[in-house]
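Presented below is the structure to which this report refers.
The values are calculated or read from the model by the stated rules, or taken from the named source; none is laboratory data. Keep in mind that this is a model prediction, so the values were computed, not measured. Positions of Cβ are backbone-derived with ideal geometry, glycine not excepted, and every protein chain shown enters the neighbour counts.
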């Protein structure tokens, strides 16, 4: 009953406040008659800090690529990679995502993310663009391994709230894992990045790991330290505004 | 006020009734590997005391039969005898690498936990294993990464010789027709006879000899090997 009374009182106060504001508005209208322009509230971006950590022993990662997009998947296990994904997974260059249909914005990290290192990237998005975000990076001492987060909605994240993920390594399936000299763009080789030829299974799958010369792949330029196990990447997303 | 009290009671009643267990599940299973098949899959829904397998425990003879030869018949009869809900072989045979079986419907009735197994082929006794996953009561879509376990019942010699019955060494077959022959056999010095996380296969690049009849460029994997998506309706 007490609560009910308080509520009722509050309602009265509110009602008088509304009346007062109406009166005020009426007064100003009497003085000069301005055109009625409906107020357009400025679009306030939602700001996120994305912190990634490279968990591998000896696999530098290409500049972190954050893609805000509409209803598309950056990848789909069991389906062929898009050209943008193939390019990222073979060369580390994620810029092709920006020319894809339905992509709103692409944000790229500072540079190579070395093993053991973390990087925080600020992501500022219009409220319309937060419901589908992907994060990608290449493990550069591989033929076409990548990691990240696929088609994730930030809708439910409130200010100061944080979500944390761990990514496994995926294989784009676009380049055979030869580990051969001249085929890996990373510092273990300094070889070729993108090549349009698709000579692997042509479907995205979980990466089987690199074999290395130390484990019996004679032509491999990789050694035991280039092997990795899952997970390979930690991703933390905190909404700051 | 009286009216409000009545409706409050109705709301409370509604809340009390809500957490009944039965839920309609729609399940999909994707083979994440580069080049391994899954043999017929077995899905069971059961109470919180039951398991198809447990890491750190000995495999049952029925689990061994599944893990070494892909035969789920004994596991199915055991589950049925235990009054569990059973979905046997939803992919109707092998589930190849990269393939997905979906739209598997399961009404949980009074069951609270979900288990899934299938042999990984070609291997000696590897299987995908989801052990007694508690079915959420909140409707939504849940994604589970599933690891490969070693049944601990057979040495991982990596020789393809047709051996699929419990007690006979070797690997039954390489369904992708990408296995080798005449391997001398990998020496498996593991003494772990309990169900454990599979160390992965070794393989080699010699399909006419070497240690292994598996191909290190095709048959290796890292966990997870399968992705299960459960939609609780």
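General remarks:
- Output for region A:163-203, where each listed residue is under 15 Å from residue A:140 (Cβ atoms), touching a residue at least 40 places away in the same chain (Cβ under 8 Å), assigned to a loop (DSSP other than H, G, I, E, B) and within 13 Å of chain B (Cβ to nearest Cβ): A:169, A:172, A:175, A:179
- Qualifying residue in region B:62-82 (condition: modelled with pLDDT of 95 or more, within 12 Å of the chain's Cα centre (by Cα), closer than 20 Å to residue B:147 by Cβ and part of a loop (DSSP other than H, G, I, E, B)): yes
- Residue list for region A:169-180, filter: surrounded by fewer than 23 Cβ atoms within 10 Å (Cβ to Cβ) and in contact with a strand residue (DSSP E or B) (Cβ under 9 Å, 6 or more places away or on another chain): A:178, A:180
- Hits in region B:148-172 - residues which are surrounded by fewer than 18 Cβ atoms within 10 Å (Cβ to Cβ) and either touching a strand residue (DSSP E or B) at 6+ places or on another chain (Cβ under 9 Å) or not in a loop (DSSP other than H, G, I, E, B) (or both): B:161, B:162
- In the set (1) under 29 Å from residue A:124 (Cβ atoms); (2) surrounded by fewer than 14 Cβ atoms within 10 Å (Cβ to Cβ), residue A:166 fails one condition alone, (2).
- Residue match in region B:181-204 (condition: outside any loop (DSSP other than H, G, I, E, B), within 14 Å of another protein chain (Cβ to nearest Cβ) and surrounded by fewer than 19 Cβ atoms within 10 Å (Cβ to Cβ)): yes
- When we screen B:27, B:17 for residues that are within 30 Å of residue B:201 (Cβ to Cβ) and either modelled with pLDDT of 50 or more or away from chain A (no Cβ under 13 Å) (or both), the only hit is B:27.
- Meets criteria (more than 12 Å from chain B (Cβ to nearest Cβ) and in contact with a strand residue (DSSP E or B) (Cβ under 6 Å, 6 or more places away or on another chain)) for residue A:223: no
- Annotation: residue B:61 fulfils all but one of (1) away from chain A (no Cβ under 14 Å); (2) surrounded by 15 or more Cβ atoms within 10 Å (Cβ to Cβ); the unmet one is (2).
- If you go through region A:204-218 and keep only what is in a loop (DSSP other than H, G, I, E, B), touching a residue at least 12 places away in the same chain (Cβ under 8 Å) and either facing chain B (nearest Cβ under 9 Å) or under 27 Å from the mean Cα position of the chain (by Cα) (or both), you end up with A:207, A:208, A:209, A:210, A:211, A:217.
- Residues satisfying the stated conditions in region A:152-162, i.e. more than 12 Å from the chain's Cα centre (by Cα) and outside any loop (DSSP other than H, G, I, E, B): A:162
- Here A:111, A:193 are screened, and the one residue that is in contact with a helix residue (DSSP H, G or I) (Cβ under 8 Å, 6 or more places away or on another chain) and surrounded by fewer than 23 Cβ atoms within 10 Å (Cβ to Cβ) is A:193.
- Selection of region B:205-216 for residues being part of a loop (DSSP other than H, G, I, E, B) and either more than 8 Å from chain A (Cβ to nearest Cβ) or farther than 10 Å from residue A:216 by Cβ (or both) yields B:206, B:207, B:208, B:209, B:210, B:211, B:212, B:213, B:214.
- In region B:34-53, the residues that are over 13 Å from residue B:127 (Cβ atoms) and either at pLDDT below 95 or assigned to a loop (DSSP other than H, G, I, E, B) (or both): B:34, B:35, B:47, B:48, B:49, B:50, B:51
- So residue B:222, is it out of contact with any helix residue (DSSP H, G or I) (no Cβ under 9 Å at 6 or more places or on another chain), within 11 Å of chain A (Cβ to nearest Cβ), in a loop (DSSP other than H, G, I, E, B) and farther than 28 Å from residue B:79 by Cα: yes
- The single condition from (1) within 14 Å of chain B (Cβ to nearest Cβ); (2) surrounded by 17 or more Cβ atoms within 10 Å (Cβ to Cβ); (3) not in a loop (DSSP other than H, G, I, E, B) that residue A:235 fails is (1).
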